[in-house]
Amino acid sequence: MSAFGIEEEFILADRSTLLPASPTNQQKKALMALPSHNGRCTTEWLDCQIEYATPVLRTAAEALESLITFRKRLSSTAQELGLIATALGTAPQISTVPPVISDGLHHREMAELAPAIAAEQFINGMHVHVGVPDREAAVLALNGIRRWLPVLTALSANSPMWRGIDSGFASWRSIQYRRWIIYGTPPHFRNADDYESQVAALFRSEVVPDEAVVGWLVRLSPRHQTLEIRACDVQLHAEDALTLALLIRALVNVEIDSPVANIVPSELIDIAHWQAARFGLRGNLMDADAQRNVPAATATWTVFERAQPDLLRSGDEERVRAGIRRLLRFGTGAARQREVVAEGGIPALLEYSGHRLASRDA
């Protein structure tokens, strides 16, 4: 089984104001000292965000234990500090006061380059890294998984709320992030040399200093021998995060083992991705092969069938099937957020997210 890893981003809310928090140095120290189950806890773009990166994983059991252990520790520590740790793809409401940018050269450089965009970076994603034998295999997988990105976005949609109201999008994070310099679907590459050549060409622009700025929905990791899939919102529940990560790992492996010849144009995938961000699982999604709209459930099961050979090899087929059924039946995080807001507003949503963060139930 190929190795994989999961990165999750969380927003901290102040319990008294229910706005994104401005942690003190002492609070930051306590959060960064969280035991991380052999993973890594770091600050994210804004002062109110933190990121957890799991250790290198091999099995579903390892992944779930790592995610839940950190989430429980984060939840309890945040509560002790007067904060609420939330697994929401967007901060549901933000202050009129500009946020504090975290320490770190990259974050500060990008904030200076695009201050208005950086000031609204209240968005949380889940990135999945899948180990690959080499960069040629990584490009094979990238080329193949491009066409499944909209379905992954629809399955993971967990960011409908923005500035205190419903944005109308299941994944507003996906739309918010489109404003950055390089985003969306990468082109189809001939091979690893072509990938390196096209990325190198981007650096000739004054606004692309390094690979960290290459924000494609799937890319070769600048730091690890992995393919990094960046299409998903952070998940309300660890079980949903695991379902998506296992599905993504299987897709990467299948696209390496059994690549397909047809190339779907990037502009069609980008349109389908916008559609997925807008409607989630409540509308149609693009059938990548037929290049036509089909019900979201049909598109989802097509992705599952593509991944199924590797899911059977890893022993994850039944677990992922059950996870997809749960998402199709009960809805994504976006649907659950809307239900909670309809009953109790934004305060109820923050409390719900903080409570569910540490729960094993999906």
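Laboratory data are not the source of any read-out in this text; all were calculated from the coordinates shown. Being a predicted model, the structure only gives us computed values, none of them experimental. Every residue, glycine among them, receives a Cβ derived from its backbone with ideal geometry; neighbour counts consider all protein chains shown.
Which angle from 0 to 90°, rounded to the nearest 10, does the C-alpha axis of helix 296-314 make with the longest principal axis of the chain? Helix 296-314 sits at roughly 80 degrees to that axis. Ordered from longest to shortest, the equivalent ellipsoid semi-axes for the chain are 30, 23, 20 Å, each the square root of 5 times a Cα gyration tensor eigenvalue.
For a quick check: sort Cys41, Cys48, Cys232 by the number of other beta carbons within 10 angstrom, fewest at the front.
Cys41, Cys48, Cys232
Using the Cβ-Cβ distance between Asp103 and Gln225 with R0 set to 35 Å, the FRET efficiency from 1/(1 + (r/R0)^6) comes to roughly 0.80. Relative to the longest principal axis of the C-alpha atoms of the chain, give the angle of the C-alpha long axis of helix 192-202, reported between 0 and 90° and rounded to the nearest 10°. That works out to roughly 50 degrees. The ranking of Leu81, Leu155 by Cβ neighbour count inside 10 Å, starting from the fewest, reads Leu81, Leu155. Could you let me know the centre-to-centre spacing of region 284-325 and region 198-245, using Cα atoms, in angstrom? With region 284-325 and region 198-245 each reduced to a Cα centre, they are spaced 22 Å.
Each of the trypsin sites (Lys or Arg not before Pro) that DSSP puts in a loop and that has at most 10 other Cβ atoms within 10 Å breaks the chain; the longest unbroken stretch is 1-203. Separation of region 13-54 from region 94-150 is 18 Å, based on Cα centroids. Classify region 220-322 as rounded, prolate or oblate, taking a ≥ b ≥ c as the square roots of the eigenvalues of its Cα gyration tensor: rounded when a/c is under 1.5, otherwise prolate if a/b is larger than b/c and oblate if not. It is rounded, given that a/c, with a ≥ b ≥ c, falls under 1.5. At 222 nm, what value in deg cm²/dmol follows for the chain if DSSP H runs of at least 4 each add -39500 (n - 2.57) and the sum is divided by all its residues, to the nearest 500? That comes out to -15000 deg cm²/dmol.
Within the listed set Ala53, Ala288, Ala200, the residue fluctuating most in the Gaussian network model of the chain (springs between alpha-carbon atoms under 10 angstrom) is Ala200. Note on the chain: antiparallel DSSP beta bridges, both residues inside, total approximately 90 percent of the bridges counted.
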